[in-house]
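The values are calculated or read from the model by the stated rules, or taken from the named source; none is laboratory data. What you see is a predicted model; the values in this text were computed from it and never measured. For neighbour counting, all protein chains shown are included, and Cβ atoms are generated from backbone atoms with ideal geometry for every residue, glycine included.
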């Protein structure tokens, strides 16, 4: 994966350890959700993604989340409540890139593990704009024939 976490946009707070852990878990989910589409696209197309094929904003979301995680893990607070950019210190930047690599690897493993379900949902969505939650549950629960 190309790119690095250079700038971060986040909201702030000073929080207890438990709240920080919850926030870290939320950022991990945000990053994984942002990367899931591009990872699935790579799996589907069979060609590597440079994140220059429409997934730049997904990568930016994942980078910001990884930067937030790195800041929180290093004991620093997140920037103010505005949408200001923050240049990360070199050590935090390295940690953020490592975090992003782990999240990406986990996302790739999840997409591979659940590819049959993803493929079923995608095939239905190629012909319909929306599906209901119960239809989604049914598609996911189906066993391959």
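Of the listed requirements (1) in contact with a helix residue (DSSP H, G or I) (Cβ under 9 Å, 6 or more places away or on another chain); (2) at pLDDT 95 or above; (3) over 19 Å from residue 45 (Cα atoms), residue 112 misses just one: (3). Exactly one residue out of 139, 72 is free of Cβ contacts under 8 Å to residues at least 60 places away in the same chain, in a helix (DSSP H, G or I) and closer than 22 Å to residue 34 by Cβ, and it is 72.
Okay, residues lined up against (1) within 16 Å of the chain's Cα centre (by Cα); (2) outside the structural domain of residue 74 (by TED's automatic domain parsing); (3) surrounded by 13 or more Cβ atoms within 10 Å (Cβ to Cβ); (4) without any contact (Cβ under 8 Å) to a residue 40 or more places away in the chain:
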residue	(1), (2), (3), (4)
91	no, no, no, yes
96	yes, no, yes, no
104	yes, no, yes, no
128	no, yes, no, yes
134	no, yes, no, yes
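Pairs meeting the criteria (first residue in the stretch 40-55 and closer than 17 Å to residue 116 by Cβ, second residue at pLDDT 75 or above, beta carbons under 6 Å, at least 6 apart or on different chains) are 40/111; 40/118; 43/111. The condition of being under 13 Å from the mean Cα position of the chain (by Cα) and in a helix (DSSP H, G or I) holds for residue 64.
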